[in-house]
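Asker: Below you will find the structure I want to go over with you.
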Amino acid sequence: MAQPITRVGIVGCGLMGSGIAEVCARAGYTVIVREVSREQLAAGLARIDGSLDRAVARGKLAAAERDAARSRIIGATDLSAFADCDLVVEAVAENLELKRRVFAELDAAAPRHALLASNTSSLAIIEMAAATDRPAQVLGLHFMQPVPVMPLLEIVRTFLTSDETLEAAQAFAARLGKTSVVCKDSPGFIVNRLLIPYLLHAIDALEKGIATKEDFDAAIKLGLNHPMGPFTLLDYIGLDTILFIADAVFDETKDARFAAPPLLRRMVSAGYLGRKNGRGFYDYTSQ
Ligand code: 3HC
């Protein structure tokens, strides 16, 4: 039996890390969130504050619950802050060398019993497990955007992840109020294995002039009852993120379904990244 999880460490307080910290704190965990500089930590904590305030304003959370959740979040700039954590979730940039370095450092900083998880959307978990001396305790915990809203957590097990680690991760997901699915450490896991070819196919069809982006979006939204059509979703996730996942899976598999269409690569080169910087397939500069 793995030790029960009470203290959760999060490495990185960007979009994903701050969302993960928020849902953990709202579920009652003590959360230690680490950023590399005081400035980045302050920006990450401000993002959490904004999201908690939004939940209060929408009547999803009582002000007292917000304050209690916020008081459970401790900011840090040093990995030594993870010395008492039972689980540490890595949510740094999607760069394998960086992640391998973080896992090697976490292996030294976190207690021997602690589980180490990556929130990567496309990199192989075994690469990170191999950077530690505890591969049986390493797994993927892939959260969806926006983390506080999406009810799914993908749990990714390598062939070295133990049954105890998997069970602890399933219990953790349940306590967060997420439904978990279990997937082999394989390119794209479940969601991105299906989602990325669909989104790339939409861009290819747009390039071929099959229909306008507005009509593709209307067709999928209204015809299939999806919350967003493909071009709205591409902009929402971020075109650079989509391109990174597509390239990572293509590099590993050479599967043509993950070959990025020229338009996507050119848009990213031109700085059209989606909602995050105000322009992608749609223009958000006036919002
Ligand atoms: N943080 C917290 N709460 C948020 C939020 C955010 N960033 N964005 C929206 N919400 C909440 C709102 O508070 C609202 O709650 P309420 O209706 O109960 O009051 C609810 O979500 C709906 O929000 P809105 O009314 O503002 O907007 P929409 O109805 O358009 O919903 C959406 C927004 C939830 C983002 C919805 O459009 C959606 O589900 N889109 C699809 C998202 C998706 O597919 N995500 C997965 C991407 S794939 C992925 O993450 C994998 C990665 O590896 C690429």
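Asker: For K99, go through the lysines and keep the ones whose alpha-carbon is under 29 Å away, minus same-chain ones fewer than eight residues off.
Answerer: K178, K184, K254, K276
Asker: If you don't mind, there's one more thing I want to ask. For region 159-253, run through the chymotrypsin sites (Phe, Trp or Tyr not before Pro) and keep only the ones in DSSP coil with at most 13 other Cβ atoms within 10 Å of their Cβ.
Answerer: Details: sites: F159, F172, F189, Y198, F216, F231, Y236, F244, F250; in loops: F159, F189.
For chymotrypsin sites (Phe, Trp or Tyr not before Pro) across region 159-253 that sit outside H, G, I, E and B with at most 13 neighbouring Cβ atoms in 10 Å, the list reads F159.
Asker: Determine, from the Cβ-Cβ distance of Q40 and Y198 and an R0 of 30 Å, the FRET efficiency 1/(1 + (r/R0)^6), rounded to the nearest 0.05.
Answerer: So, using R0 = 30 Å, E works out to roughly 0.35.
Asker: Tell me, in nm to one decimal, what length is gained between Q3 and D247 on full extension, where the rule is 0.36 nm per residue of separation less the Cα-Cα distance? Let's see the in-between values first.
Answerer: On the way: separation 244, 0.36 × 244 = 87.84 nm, distance 3.76 nm.
In short, 84.1 nm is gained.
Asker: Within the chain, what percent of beta bridges assigned by DSSP are antiparallel, to the nearest 5? Kindly include the intermediate steps, with their values, before the conclusion.
Answerer: On the way: 6 of 32 bridges.
Antiparallel bridges make up about 20 percent of those DSSP assigns within the chain.
Asker: With each pseudo-label sitting 7 Å past Cα toward Cβ, what's the R265-S80 distance in nm, one decimal?
Answerer: 4.7 nm
Asker: A further question on this structure: Which of these, A21, A64, A171, has the largest mean-square fluctuation under a Gaussian network model of the chain (Cα springs below 10 Å)?
Answerer: Maximum fluctuation in the GNM of the chain, among the listed residues, is at A64.
Asker: Quick check for me: using +1 on Lys/Arg Cβ and -1 on Asp/Glu Cβ, what's the dipole size of the chain about its Cα centre, in debye to the nearest 20?
Answerer: Using Cβ point charges on Lys, Arg, Asp and Glu, the chain gives about 540 debye.
Asker: Please report R112, R54, R47 as a ranked list, fewest other C-beta atoms within 10 angstrom at the top and most at the bottom.
Answerer: Ordered from fewest to most neighbouring Cβ atoms within 10 Å, R112, R54, R47 come out as R112, R54, R47.
Asker: Pairs of Cα atoms under 8 Å, at least six residues apart: use those to get the relative contact order of the chain, whole percent. Spell out each step's value before the answer.
Answerer: Details: 496 pairs, mean separation 38.6, N = 287.
13 percent.
Asker: Can I ask one more? If you stretched the chain out fully between V191 and D49, how much longer would it get, using 0.36 nm times the residue separation minus the C-alpha to C-alpha distance?
Answerer: 48.2 nm
Asker: With unit charges on the beta carbon (Lys/Arg positive, Asp/Glu negative), name the residue among C183, A270, A69 whose Cα is farthest towards the positive pole of the charge dipole of the chain.
Answerer: Working it through, the farthest residue towards the positive pole turns out to be A69.
Every number here is computed from the coordinates shown, using simple stated rules; none is lab data. These figures come from a predicted structure and were not determined experimentally. Cβ sites come from the backbone with ideal geometry, for glycine too, and all protein chains shown count toward neighbours.
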